[in-house]
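The values are calculated or read from the model by the stated rules, or taken from the named source; none is laboratory data. No experiment lies behind these values; they were computed from the predicted model shown. Cβ placement follows ideal geometry from the backbone for every residue including glycine, while neighbour counts extend to all protein chains displayed.
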């Protein structure tokens, strides 16, 4: 059995949001994003993949298409394939998000 405790994924980065992989197969990935105040993931699109953001700690603004919402702990947002999406920590406290994507993006060269 492959068991991991999500509380062990808490390392922040001063330069940009930190992505910590929890699990990955050829069908999905599950990451924990650690986001300092003021950090973001710029809007981007995955033409063939769905993504879900779930707030574990803190709060984050999630934008999907032209809509933005301030999400709190236990909020989950679906970003369907083809929809532009991104996140921003506009608060004064760090945030952690659980991020699921299926299928995962292709690996670069």
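Collect the residues in the stretch 85-109 that are under 20 Å from residue 38 (Cα atoms) and either in contact with a strand residue (DSSP E or B) (Cβ under 6 Å, 6 or more places away or on another chain) or at pLDDT below 95 (or both), keeping them in residue-number order. Talk me through it step by step, then tell me what you get.
Going through the stretch 85-109, the residues under 20 Å from residue 38 (Cα atoms) turn out to be 85-99.
Answer for the stretch 85-109, where residues must be under 20 Å from residue 38 (Cα atoms) and either in contact with a strand residue (DSSP E or B) (Cβ under 6 Å, 6 or more places away or on another chain) or at pLDDT below 95 (or both): 85, 86, 87, 88, 89, 90, 95, 96, 97, 98, 99.
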Would you check if there is a residue in the stretch 49-63 being touching a residue at least 12 places away in the same chain (Cβ under 8 Å) and over 24 Å from residue 23 (Cα atoms)?
yes
Tell me which residues, restricted to the stretch 1-20, are farther than 24 Å from residue 50 by Cα and surrounded by 13 or more Cβ atoms within 10 Å (Cβ to Cβ).
10, 12
